[in-house]
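Worksheet for the structure shown next.
The values are calculated or read from the model by the stated rules, or taken from the named source; none is laboratory data. On a predicted model such as this, the values are computed, not experimentally measured, just so you know. Backbone-built Cβ (ideal geometry, glycine too); neighbour counts: all protein chains shown. To get the accessible areas, we keep the full protein, side chains included, count just its heavy atoms, and leave off ligands, DNA and RNA. Shrake-Rupley method; radii C 1.70, N 1.55, O 1.52, S 1.80 Å.
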Amino acid sequence: EAAMAQQQTNSSGGGGTVDFKLLRPKNYFANERTFINWLQLAVTMGGLGLALLNFGGSGIRVRISAFIFETGALALIVYAYAMFWHRANRLRRGERGSWDDRTVPVLVVIFFIFATAINFGLTFHKKVYTPPVDNLSVLTMSWGVKKNR
């Protein structure tokens, strides 16, 4: 302990380097905070999917949009879990280097834009085909013959 205290006083004054092992608890907690923040985003995405499913109606368009959001939330949970354990293993080994991830946040933003565009596209898509009213219309439409009125 005396050696660690001496090393800490030497490295904390002026421009010395800080021993990585002295920062371990701080880094472990930062890793946990990052994991929890990713999980919060995943819960928000899952909540959007569930809200669409419960309050958006009963059509297939709503189910597709909800499925997209729920799949994204599940993928984000898997990513957060994998990165948490990867970073925890790096901390245990005392590795130095870059700890940031620049690609996944950009991919999450692109996913949100994509999912929202799909949701709006499916919601405001005009119906080209209106379903027939009676069985005769179904029969004549399947033959390609239009019904005279």
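Screening the candidates Ser11, Ser65 for the property of being open to solvent by less than 40 Å² (accessible area, probe 1.4 Å), at pLDDT below 85 and not in a loop (DSSP other than H, G, I, E, B) yields one hit, Ser11. Take Asn54 and tell me if it is part of a helix (DSSP H, G or I) and at pLDDT below 85. The answer is no for Asn54.
Against the condition open to solvent by 80 Å² or more (accessible area, probe 1.4 Å) and touching a residue at least 12 places away in the same chain (Cβ under 8 Å), how does Arg87 come out, does it pass? No: the conditions fail for Arg87.
Considering only residues of the range 98-123 that are more than 18 Å from Asn37 (Cα to Cα) and hydrophobic (A, V, I, L, M, F, W, C), which is least open to solvent (accessible area, probe 1.4 Å)?
Top of the filtered list is Ala115.
If you check Tyr28, Tyr81 for being open to solvent by 80 Å² or more (accessible area, probe 1.4 Å), outside any loop (DSSP other than H, G, I, E, B) and in contact (Cβ under 8 Å) with a residue 40 or more places away in the chain, only one passes: Tyr81.
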